[in-house]
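Just so you know, all these numbers are worked out from the coordinates, no wet-lab data involved. Here the structure is a predicted model, which means the values were calculated and not measured. In this analysis, Cβ positions are derived from the backbone assuming ideal geometry, glycine residues included, and neighbour counts consider all displayed protein chains.
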Amino acid sequence: MNVTMDAPAIHAATLDTAVPLVQTVGIIGAGQMGTGIAHVCALAGLNVHLSDVKSDALAKAMDAMGRNMDRQVNRGTISAEDKLLGLSHVETSTDFAAFDDCDLVIEAATEKEEVKHAIFRALTPHLKPSCLIASNTSSISITRLGAATDRPEKFIGMHFMNPVPVMKLVEVIRGIATDEPTFQAVQALAVRLAKITAVSEDFPAFIVNRILVPMINEAVYALYEGVGSVAAIDTSMKLGANHPMGPLELADFIGLDTCLSIMQVLYEGLSDSKYRPCPLLVKYVEAGWLGRKTNRGFYDYTQTPPRPTR
């Protein structure tokens, strides 16, 4: 099932070219997103090369994959044999040279454009000419990222949702140079991963975060202006709008630094004051209170249950 947006953007299309088959996937970044992408790729029978600059991050990623697969075994969604076979498909490395046989490399590094550009500069010399590149960016221009590589026609956005093994959606974003075989290859890969795709045009923050993160930013403004407390805002949206998680709790789950980065991309890219990041969100990030990953954000996670910090 695909949800496609009609828009006047022009895409390079070479329909007479065969669609590349993706069998071996490289993943850059062993954080929560990269680990989740490796997890679903491995269970789908793909060969996975997972890379990170820190070897301890790779060890933690393999441990997290094992624990998450154990949960799936306990729920009966996969077998113990599936888990063992899946993990056997994953190799880890701190060196991009391990990507020389990849059909596709998915970048899942931090949401900073300069970091991604540096990664692509270091990566591309190690890739075979036919290798596709996808970015898991949640907001940054795919056209601009692709232009920083040696293969913009083989570059595409493939934005997974968090947590990847649970969430069904993948946003697929073509840059202006992305060719049709690359697009079709990524669509086919998403089907193999049992995901549903929504095709977005290459505008700041795409579809999900264009709608979601400004809502979170508005919730932070409501807190900043004293409209309600953390608990009142989250309770109101959970019980009043039937959201499974309040917006401030969700911000902590996403990461306040990521939320701020997306708001900055929207504000700078669309030049509209309605996307101005809330000063309180900026202060939390400056303090290093980034949410669950630092045990403190709008909630203090060193306590059970987590206690609101305002």
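Structure data summary
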| item | result |
| --- | --- |
| Gained length - Lys238 relative to Phe203, 0.36 nm times residue gap less alpha-carbon distance | 9.7 nm |
| Given charges at beta-carbon only (K, R positive; D, E negative), |dipole| of the chain in Debye | 760 debye |
| Gain in span if fully extended, Ser229 to Arg310, counting 0.36 nm per residue against the direct Cα distance | 28.5 nm |
| Viscosity 1.567 mPa s, temperature 4 °C, Stokes-Einstein D of segment 126-224 from Kirkwood C-alpha radius, µm²/s | 91 µm²/s |
| Degrees separating the helix 180-192 axis from the principal Cα axis of the chain, which is the longest one | 70 degrees |
| Between helix 113-123 and the chain: long-axis angle, C-alpha atoms, 0 to 90°, nearest 10 | 20 degrees |
| Where a label projected 7 Å from the Cα of Thr294 along Cα→Cβ would reach, residues of segment 108-137 with amide N under 18 Å | 110-112 |
| Net charge, Lys60 excluded, C-beta distance under 13 Å - Lys, Arg +1, Asp, Glu -1 | 0 |
| Signed unit charges on C-beta, dipole axis of the chain, positive-most listed residue Leu132, Gly226, Leu84 | Gly226 |
| Cα lying deepest toward the dipole's positive end in the chain, options Phe253, Val186, Gly175, charges on Cβ | Phe253 |
| Listed residue (Val22, Thr302, Gly291) projecting farthest to the positive dipole end of the chain, Cβ model | Thr302 |
| At R0 = 22 Å, FRET efficiency that the Cβ-Cβ distance of Leu84 and Ala122 yields, to 0.05 | 0.10 |
| Computed over the chain: relative contact order in percent, which uses C-alpha pairs under 8 Å that are six or more apart | 16 percent |
| Principal semi-axes in Å for segment 54-186 [√(5λ), Cα gyration tensor, largest first] | 28, 17, 14 |
| Segment 209-308 pair-distance distribution - Cα-Cα, 5 Å bins, rounded % | 3, 14, 25, 26, 20, 9, 3, 1, 0 |
| Out-of-range pairs (alpha-carbon distance over 23 Å; input Lys128/Lys195; Lys54/Lys116; Lys83/Lys195; Lys83/Lys128; Lys112/Lys238; Lys112/Lys283) | Lys128/Lys195; Lys83/Lys128; Lys112/Lys238 |
